[in-house]
Every structure is written in structure tokens, then in C-alpha cells.
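Let me begin by presenting the structure, written as C-alpha cells, before commenting on it.
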Amino acid sequence: MRMRGQAQVLVNTPEIELWPGGLLRAHGNRDARAITRARHVLRRKHDGRYLAADLPEGLLPLIPHVMREPGIKDALGALDLQPARARPGIDVVPTLPLHRLEARLERLGINSDAYARRTGLALVAEPAWLSFAGFDRFRRPLWLHVDAARAWRNLRDAALRDGIVLESISGYRSHDYQLGIFERKLTRGQDVEQILTVNAAPGYSEHHAGLALDIGAPGEPPAEESFEDTPAFDWLGRHAGEHGFAMSYPRDNPHGIVYEPWHWRFSR
Ligand SMILES: [Zn+2]
């Protein structure tokens, strides 16, 4: 049993995420029991594969040769530090290094300097840990920077008091997740330039910092321009600023990013 008031935290390392037990669904029967009992589950960021379960009696590998897994040392080190990091009230969240990202962008054929110049966007580092901010519309855990998580709860509650239901559609996304989008689209025959008209280059999305989230309204299709015609959007336009949220990509924004009335960023 978790203690009341204890924060649920996703611990982030360059290659591996440490999920709190109980928030992940098992992929198969073999893993199901271990994952249910685990204090943490080590999950490979690139493809979401479960690598090991941190059980009260020790680490249970869920793949062969887990100790040869890239980044396993960092992940096990973070596991040891986890209780200190998870303590609520620690608001200074360190970020992970960016070095690996530049090489991966090059492999996709994206020149990061040229891209940054063209869009005016900067590289966004991932936080070393993220705070559980409830479940999104698809019943997936919503992870946000601890400050944004608190602000989002306040925003949602304030809207509800005015009779407006706000749903979260997507919060924190890793560089790996964004790279995965590019890899899937490339496999389907799109080229990088085409993909960049719709998706920010991996490393340049505000979602990486856990400070931005996509907001929707019940019954509305997610991430569509039609969101601007909803009472939820009207309410956000009037009140989001009071809670530290602003729309990042209004019409004709200087970054050349399509109008995204659903995308809101928290800043302190
Ligand atoms: Zn977004």
C-alpha cells in the first residue's frame, strides 16, 4: 500500500524509465504477476519493452541478459536514489544530458542547427523525474513536470467549478517517443520534410520538458482545430493565464508550426 500523500514519480534516465509499480499493464501472463508486485518496472524508452521488475526480494529480469542492456547502470543507480527524489516538495528537477540526441537527429537527416534557425525552437531536455498528474482521456497515466502537474490539477478544478470539463490528451513525451513517430512514418514512406510539417523534430517539442499538455473536451476529437469552437477553449482563453498556462502555437506563430488551440504550456 502506498502511503497517503506520497507522490507517484516516473524516474527518467537516458535509456530507461523507472515506472512505479501498479501503473503499467502486463504484456503477457508471464510478466503480469511480477509487474503487479513490483515497486518499480524498468522500461526501455525506445520501444516500451519491460526490462526488469524491482521486487521486494530483488531485481527480476524480464528479458535475457538484462545487465547488458544499454543504460542499465544509470537506471539501477537511479533506482537507488529514487526515494530521495520522490520526496514531495522538491521542486528543482534536474534535466538529462542532450548529447545522444544530436547523433540520432543526424541519422534521421535533420541538421539541428539549421532546424533550430528555421523554426526558432530550442532543444528541450527531459527532466530526471516526472510527477503523476492523473489519467488522460485514454486512461493512460499522465506525466508532467511537478510544477505543471500541480498547475494542471488547479486549472482542471477551476474549470470544473465553472461547469467546464477539461480532459488531458497528452503530457510528457520522451525524445525516444518522438523519434519513434519519425521512424514509423519513414517506414510508411513519408520523408523527413513531410513529417516536419506536422511533428516537431525529436528534441524540440515542448512536451519533452513535461511543461506542456494537449487539452481536449469530452466528445471532441483530440488535437483538432475544431477545439477552438468549444466552451472549454473559450474558458481557457479567459482563465488559463491565471494558472500559468498559455497557448504556445497561435495562428501565424513565428515558429511556422500549425495552429494548435489544444496545446498549452505552463511556465512559472
Ligand atoms: Zn502538444
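The Cα-based radius of gyration and maximum Cα-Cα distance (Dmax) for segment 26-168 are 18.7, 54 Å. Beyond 28 Å, the tail of the calculated P(r) for the chain holds 39 percent of the Cα pairs. Under the combined filter of DSSP loop state and at most 15 neighbouring Cβ atoms within 10 Å, segment 179-213 retains these trypsin sites (Lys or Arg not before Pro): R188. Computed in the context of the full set of protein chains, the accessible area of the chain at 1.4 Å probe radius has 52% of its extent on carbon or sulfur. The amide H of L142, built 1.01 Å from its N in the peptide plane, has A133, G134, F135, D136 as neighbours under 5 Å, considering only residues 5 or more places off or on other chains. Near G244, once Lys and Arg are set to +1 and Asp and Glu to -1 for all other residues with Cβ below 13 Å from its Cβ, the sum equals +2. The Cα-based radius of gyration of segment 123-249, divided by its Kirkwood radius, gives an Rg/Rh of 0.98. Sum -39500 (n - 2.57) across every DSSP H segment of at least 4 residues in the chain, then divide by the residue count to get the 222 nm mean residue ellipticity, nearest 500. Mean residue ellipticity at 222 nm (helix-derived): -9500 deg cm²/dmol.
Contact order for the chain, expressed relative to its length and based on alpha carbon pairs under 8 Å spaced 6+ residues apart, stands at 16 percent.
Kirkwood Rh over alpha-carbon pairs of segment 104-189, then Stokes-Einstein at 25 °C and 0.890 mPa s: what D in µm² s⁻¹, rounded to an integer? The calculation lands on 158 µm²/s.
The values are calculated or read from the model by the stated rules, or taken from the named source; none is laboratory data. Small disclaimer: the values here were computed from a predicted structure and weren't measured. Positions of Cβ are generated from backbone atoms using ideal geometry, with glycine treated the same way; all protein chains shown enter the neighbour counts. Just the protein is used for accessible areas: all its heavy atoms, side chains included, with ligands, DNA and RNA removed. Shrake-Rupley method; radii C 1.70, N 1.55, O 1.52, S 1.80 Å.
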